[in-house]
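Note sheet for the following structure.
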Amino acid sequence: MLKYELKKFFAKTANRVILTALILIAVVYSLLAAESMSYTDTDGSHLSGIGKMTAGRRLAADKNRQKGELTAEKISGAVKSYQELKQQCQGELPDTEFGKTVQSYWDILNFTANVYTVEPAFLPDVITQLTEEDTEHIYDIYAANMDKMAEEYAETPAQEAFIKKQYEKVNIPLDYEAYDSWETMGMYIQTYVIILAVAIGFMAAGIFDEEFRNHAEQVFFAAKYGRSKAARNKIAAGIITASIVYWAGIGLMSFISFGIIGASGFHTPYQLSDPYSIYVMTQGQYYLLIVLCGYIASLLSASVTMLVTAKMRTAKVAVCLPFFMFCVMLFIARSLSEVTRIVYYTTDVLTNVIQAVKVPILFQAGDVVIPQLPLVMALYFAVSVILLPFIYRSYSRYGLAKSGK
């Protein structure tokens with residue numbers, strides 16, 4: 001019976017159209033991700049046409065000349081080299097100089113600037129003002145700033161202690177490996193995750209809507225197992241198909257993208273991009289976090305749309321809910337974030353991980369402190385599971401109230 005429901009799902013014309021569209025989007029996004037990466041050759045030329053698809057791997061090869069332990073000496077050397085070039089050029093660096101030297105240590109300069117300026121700043125302005133003493137003691141300054149940031153971010157002593165404990169997990173000096181492929185894919189996969197969650201909600205709603213739309217509900221519920229086993233199989237089919245569609249889409253896009261641009265930097269600390277993030281992880285783990293949050297969003301999307309369809313006997317309202325939860329809610333949360341903290345735990349957080357890891361939002365119950373993302377992930381995964389019995393009850397008891405059963 002479950003196999004029959006799965007077969008019906010993939011046989012529906014509407015679902016096939018959506019699945020085809022999801023495949024095409026995955027391919028297009030993969031190519032766009034590769035095309036968006038920029039590489040400057042030693043003669044100052046930029047790749048174009050089909051050659052631009054090799055930019056990711058060539059950029060990684062150039063930057064990996066700096067691969068290894070990012071010592072204070074290495075940072076000082078990069079800053080000194082950049083300052084000397086800026087003095088010689090007396091203005092904008094020519095592309096030839098950028099391609100020959102600066103490109104290889106650009107990430108190091110970016111990390112250095114971010115250590116000294118928590119707020120976004122123009123990198124050249126920061127780097128040119130640093131002294132040799134500043135760079136030689138950068139990790140001492142980094143550690144001191146971590147303590148300051150813990151005090152600034154925290155609202156209670158327990159939160160301050162939690163943030164400091166998180167910062168203690170940062171291994172100093174950091175290990176460097178070019179991570180542009182993971183950073184680039186993080187942006188594209190997050191958008192694709194939203195598309196998947198909305199599409200999965202639309203398709204899952206059709207599993208329960210079909211009998212009502214075809215006016216075959218009386219036949220379905222008159223069957224021997226219509227109100228029990230068949231109803232459970234519909235729910236199982238919804239969750240299984242949501243999982244298959246999601247992981248197939250993510251897998252396809254990841255396979256194509258990393259196959260083109262490479263996967264250098266999986267173990268590079270995320271703190272190289274955002275030194276004061278309270279989420280201590282690698283660039284690869286950051287990517288996986290985005291993907292896992294997207295999967296929870298997709299499960300939630302499927303559960304919510306199935307429940308609303310089972311309750312209302314139509315999918316017309318249900319199919320709009322995923323778009324509201326993960327797209328419209330994003331803009332509502334932004335406008336209300338200064339008014340109420342409730343929006344810090346709304347559904348859109350699952351599909352906006354890039355922003356969530358940058359903002360140290362903490363939840364505290366007694367002496368227990370939990371960061372925003374783990375809390376939101378646990379909350380909505382639990383909601384996705386808890387809704388399943390309600391879906392079963394709503395669907396299997398159709399028509400019983402009228403008959404007095």
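The values are calculated or read from the model by the stated rules, or taken from the named source; none is laboratory data. In this text the structure is predicted, and so the values were computed from the model without any measurement. As a convention, Cβ positions derive from the backbone with ideal geometry for all residues, glycine included, and neighbour counts pool all protein chains shown.
Quick rundown of the values:
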quantity	calculated
Residue within segment 321-334 that is surrounded by fewer than 17 Cβ atoms within 10 Å (Cβ to Cβ), among the aromatic types (Phe, Trp, Tyr) and within 23 Å of residue 277 (Cβ to Cβ) present	no
Test for residue 138: is it in contact with a Lys or Arg (Cβ under 8 Å, 6 or more places away or on another chain), among the hydrophobic types (A, V, I, L, M, F, W, C) and at pLDDT 90 or above	no
Enumeration of residues in segment 1-27 that are surrounded by fewer than 16 Cβ atoms within 10 Å (Cβ to Cβ) and modelled with pLDDT of 90 or more	16, 17, 20, 21, 23, 24, 27
Residue among 139, 82 that alone is touching a Phe, Trp or Tyr at 6+ places or on another chain (Cβ under 8 Å), assigned to a helix (DSSP H, G or I) and outside the structural domain of residue 277 (by TED's automatic domain parsing)	82
Condition broken by residue 91, with the remaining ones in (1) assigned to a helix (DSSP H, G or I); (2) surrounded by fewer than 19 Cβ atoms within 10 Å (Cβ to Cβ) satisfied	(1)
Filtered residue count, segment 77-124, keeping only those that are under 20 Å from residue 271 (Cα atoms) and modelled with pLDDT of 90 or more	15
Among residues of segment 339-363, those that are at pLDDT 90 or above and touching a Ser or Thr at 6+ places or on another chain (Cβ under 6 Å), counted	1
Enumeration of residues in segment 346-367 that are part of a strand (DSSP E or B) and free of Cβ contacts under 8 Å to residues at least 24 places away in the same chain	363, 365
Failed criterion for residue 161 (all others in (1) outside the structural domain of residue 266 (by TED's automatic domain parsing); (2) under 30 Å from residue 258 (Cα atoms); (3) hydrophobic (A, V, I, L, M, F, W, C) hold)	(2)
Qualifying residue in segment 62-74 (condition: within 30 Å of residue 202 (Cβ to Cβ), in a helix (DSSP H, G or I) and charged (D, E, K, R))	no
Residue 133 vs. criteria over 25 Å from residue 64 (Cα atoms), modelled with pLDDT under 90 and assigned to a helix (DSSP H, G or I)	yes
From 186, 206, 201, residue being in the same structural domain as residue 354 (by TED's automatic domain parsing), in contact (Cβ under 8 Å) with a residue 12 or more places away in the chain, surrounded by 16 or more Cβ atoms within 10 Å (Cβ to Cβ) and touching a Leu at 6+ places or on another chain (Cβ under 7 Å)	201
Which numbered condition residue 30 fails, given (1) surrounded by fewer than 18 Cβ atoms within 10 Å (Cβ to Cβ); (2) among the hydroxyl-bearing types (Ser, Thr, Tyr); (3) assigned to a helix (DSSP H, G or I); (4) under 30 Å from the mean Cα position of the chain (by Cα)	(1)
Pairs where the first residue, in segment 262-281, is outside any loop (DSSP other than H, G, I, E, B) and the second is basic (Lys, Arg) and at pLDDT 95 or above, C-beta under 9 Å, 6+ apart	none
